[in-house]
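Peer 1: Before I ask anything, here is the structure I am working with.
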Amino acid sequence: MSDRPQIFGIPTSTFCWATRLVCAEKGQPHDFFEMIPGGVLDGVRHPFARVPVLRYRGVTVYESLAIARYLDRELAGTPLQPTDSLAIARMDQWISATSDYLYDTLIVGVVGERLVAPLDGREADEAVVAEQAVMMREQLGVIDEILCGSRYLAGDTLTLADLFLAPLIHWTDKTPEGSEALDLYPTLRRWFHGMAERDSFKATIPLVHI
């Protein structure tokens, strides 16, 4: 039984990256194993054919938010979840928005077409990119407004919400539409620059580039 968290998934997955960021922020070394959705590796699998999956101290946990919360509670180090009820609600609110809305727009709609499609041997659907880019600018504007009033998404302290959003912004910034949109929102860009400069971010940034 390994005494280090073992995370199974896709290196470029923003959800996998978020769980790895938790370990890094807590100062806990972890092992990452590449496993495609639906795959089985060393007896580890996700019952709904997704990633990531965590194996730690003899137990297996799946779903990124469950993994992140579990690791934050189990590992030593500065807590990544607030204790104030409103701050918790703000954190949950932004994790939910990132997973349910921003991911579809930024990653599926823009990054998927601009960066992933060419790797799959197909051309980007320009109509999809144009439509999603409009939504992306609106969504990023909402985040920028929030960050104008607080250092992080849930207040003045780093939380899981920031760790879930930062990987999306990383990939988004690598597209022409995303980089142009981020330039419209200097506060959001400053927040991301601060996130990208954290040791945890540098230590977990995917080696596979898209």
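Peer 1: Looking at the range 140-199, what helices (runs of 4 or more DSSP H) fall wholly within it and have at least 3 residues that are within 26 Å of ASP72 (Cβ to Cβ)?
Peer 2: By residue number, 160-172, 186-196.
Peer 1: A further question on this structure: Quick one: count up the residues across the range 71-119 that are open to solvent by 80 Å² or more (accessible area, probe 1.4 Å), free of Cβ contacts under 8 Å to residues at least 12 places away in the same chain and within 21 Å of LEU54 (Cβ to Cβ).
Peer 2: Residues meeting the conditions: 2.
Peer 1: How about the range 123-165: which of its residues are β-branched (Val, Ile, Thr), under 20 Å from the mean Cα position of the chain (by Cα) and exposed (fewer than 15 other Cβ atoms within 10 Å of the Cβ)?
Peer 2: VAL142
Peer 1: OK, next. Considering the range 54-65 alone, what residues qualify as being open to solvent by 40 Å² or more (accessible area, probe 1.4 Å) and under 10 Å from PHE8 (Cβ atoms)?
Peer 2: Those that are open to solvent by 40 Å² or more (accessible area, probe 1.4 Å) and under 10 Å from PHE8 (Cβ atoms): ARG55, THR60, TYR62.
Peer 1: Taking the residues in the range 25-53 that are more than 13 Å from the chain's Cα centre (by Cα) and open to solvent by less than 30 Å² (accessible area, probe 1.4 Å) as candidates, determine which candidate is nearest to GLY77 (Cα to Cα).
Peer 2: That would be LYS26.
Peer 1: Can you tell me which residues in the range 200-209 are surrounded by fewer than 19 Cβ atoms within 10 Å (Cβ to Cβ), touching a residue at least 24 places away in the same chain (Cβ under 8 Å) and assigned to a helix (DSSP H, G or I)?
Peer 2: The answer is ALA203, and nothing else.
The values are calculated or read from the model by the stated rules, or taken from the named source; none is laboratory data. Quick caveat: nothing in here was measured; it's all calculated off a predicted structure. Quick reminder, even Gly has a Cβ in these numbers, built from the backbone with ideal geometry, and neighbours come from all protein chains shown. For the accessible areas, the whole protein counts, side chains as well, though only heavy atoms, and no ligand, DNA or RNA atoms are used. Shrake-Rupley method; radii C 1.70, N 1.55, O 1.52, S 1.80 Å.
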